[in-house]
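A quick write-up on the structure given underneath.
The values are calculated or read from the model by the stated rules, or taken from the named source; none is laboratory data. Note that the structure is predicted; figures quoted are calculated from it, not measured. Methodologically, a virtual Cβ is constructed for each residue, glycine included, from the backbone with ideal geometry; neighbour enumeration extends over all protein chains shown.
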Amino acid sequence: MVGLGASAAPLDFAVNIAFPAITDAFGLDARGIRWVAVCYVLTYGSLMLACGALGDRIGHLRMFRAGVLLGAVAFALCALAPTYPTLLAARALQGVAVALTLSCAPALATALFPEERRTWALSAYAGMAALAGVAAPLAGGLAVGWLGWPGVYWMRVPIMLAAFACVPMLARALRAPPAGPPAAFDARAAGLLAGGMGLLLLVPAVLGPAAWLWPALPLAGGGMVLLALLARLVRAGAAPLMPRPLLRDAAFVLHNAGNVVVQFTSFAIPLVVPYYLARMGGWSPLASGGLLAFWALGALGGSAMVPALIRALGVRRAALAGGLAVIAGLAAIALWPPVPDVALMAGCLLLQGLGLGVYQVAYSDLVVAALPPARRGVAGSLTMVTRTIGVVLGASLLTSAVQVVEAGRLAAGAAALPAYMAAFCAVFAGAAGVAALFFVVSGLWRGTWGRTPAR
């Protein structure tokens, strides 16, 4: 039941299959389509931690129920959007719904089982998300073929309504919350955090190919001011959303930075690969969705492997193993030929997805273990916030990178398809390089990726 409601986020990969159709429907350029992703992830990313903290205070199930109902409304509004600005507004509302739902879904998943089964519960939860990811590109391809681009939104309305109908059964299955007073919540601190994060997440989205600074500098400055006011409020005694000792723990900070890097580099796959398949192979949305399902299948397999990997390696080394597989998959994709090779592409996507699935679950276990049980909403939200930062950076910077490299090759006299192919390979090679550099540098800090006792 938790996985059904939380499927709203992984099923959104279906929207990537619809990117070419949305681009054509609204007459967008290559950079314009990024706002479909940015409006959505910017909204839920800026609200996620605040929603998690509020869920710790008033109840995770209450937040989850509100989120799935609002999600059904938002998906219907997206499908009915007559103009591109209307679609973006509905996507922002969808972001609010996802923040309400996903901020508390991991807490609900772990609350269904004893604490000693926490890692298994997180693995199962991630596996359900990966299963939805497997279905997303296939369902997206079918939906676009049947209903056009609105189909990727219509298909999720009945899913959210079904999740809402299941909430009473879920309530009966939950274990009792931990004893003690409810977690503290400061609305002023939550508002400052949401505003500061929202402005800072918007910065990479407004940077153009020529790195225009005039719109980005005020946003960055405003975000920094709001976060400075938040720090001052916390020092004055406001309830912090995150325990202060963790913010000074280098290993904890690097684990979270690792998820940003993994999500940033991995987002090149759903963002760029559909265009490669359409331009270099003339693939239909359904065929593209079928291929991208191998990526999600890899993530599903990786999620299932994590409990055994943690027993064998420890949670930190399991996360490192996932990161290395992510790098290997991205580097292999950078070697794809101009003529799509199905077997090669499926193998590369499986490998990269496997690494992504392993890293996500191991990282989630690290974060949940670091926070007390009463802060499970914040813990689950933090894993989504770091993912969001990576996705926003990917949506903003990777599309710009493709456009810049392609334009440079065209200006040098290359034909259209070879110019695009050069941009495709450069983006994936660069993504692999960024991830490799992070894991090398972070490994210099003692204990970041060292063995830890299995739980």
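Scanning the stretch 144-169 for residues that are within 22 Å of the chain's Cα centre (by Cα) and assigned to a helix (DSSP H, G or I) yields 151, 152, 153, 154, 157, 159, 160, 163.
With the structure loaded, tell me whether residue 286 is of a type in the set (A, V, I, L, M, F, W, C), more than 30 Å from residue 193 (Cα to Cα) and either more than 20 Å from the chain's Cα centre (by Cα) or outside the structural domain of residue 142 (by TED's automatic domain parsing) (or both) or whether it fails that test. For residue 286, the condition - of a type in the set (A, V, I, L, M, F, W, C), more than 30 Å from residue 193 (Cα to Cα) and either more than 20 Å from the chain's Cα centre (by Cα) or outside the structural domain of residue 142 (by TED's automatic domain parsing) (or both) - is met. So which residues in the stretch 277-294 are more than 13 Å from residue 342 (Cα to Cα), modelled with pLDDT of 85 or more and in a helix (DSSP H, G or I), if there are any at all? Answer for the stretch 277-294, where residues must be more than 13 Å from residue 342 (Cα to Cα), modelled with pLDDT of 85 or more and in a helix (DSSP H, G or I): 278, 279. When residue 95 is tested against (1) modelled with pLDDT under 90; (2) closer than 23 Å to residue 395 by Cα; (3) of a type outside the set (Lys, Arg), just one condition goes unmet, and that condition is (1).
No other residue among 419, 407, 401 is within 28 Å of residue 35 (Cα to Cα), at pLDDT 90 or above and either out of contact with any strand residue (DSSP E or B) (no Cβ under 7 Å at 6 or more places or on another chain) or not assigned by TED's automatic domain parsing to the domain that holds residue 133 (or both) apart from 419.
Table: residues versus (1) under 19 Å from the mean Cα position of the chain (by Cα); (2) among the β-branched types (Val, Ile, Thr); (3) closer than 22 Å to residue 391 by Cα.
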{"position": "1", "(1), (2), (3)": "no, no, no"}
{"position": "16", "(1), (2), (3)": "yes, no, yes"}
{"position": "39", "(1), (2), (3)": "yes, no, yes"}
{"position": "59", "(1), (2), (3)": "no, no, no"}
{"position": "78", "(1), (2), (3)": "no, no, yes"}
{"position": "99", "(1), (2), (3)": "yes, no, yes"}
{"position": "111", "(1), (2), (3)": "no, no, no"}
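For the stretch 307-346, a residue qualifies if it is small (Gly, Ala, Ser), closer than 21 Å to residue 427 by Cβ and without any contact (Cβ under 8 Å) to a residue 24 or more places away in the chain, and exactly one does: 332. Across the stretch 62-92, the number of residues qualifying as of a type in the set (Lys, Arg) and farther than 13 Å from residue 6 by Cα comes to 2. Quick check on the stretch 369-377. Is at least one of its residues modelled with pLDDT under 95 and buried (at least 24 other Cβ atoms within 10 Å of the Cβ)? Yes: one or more hits.
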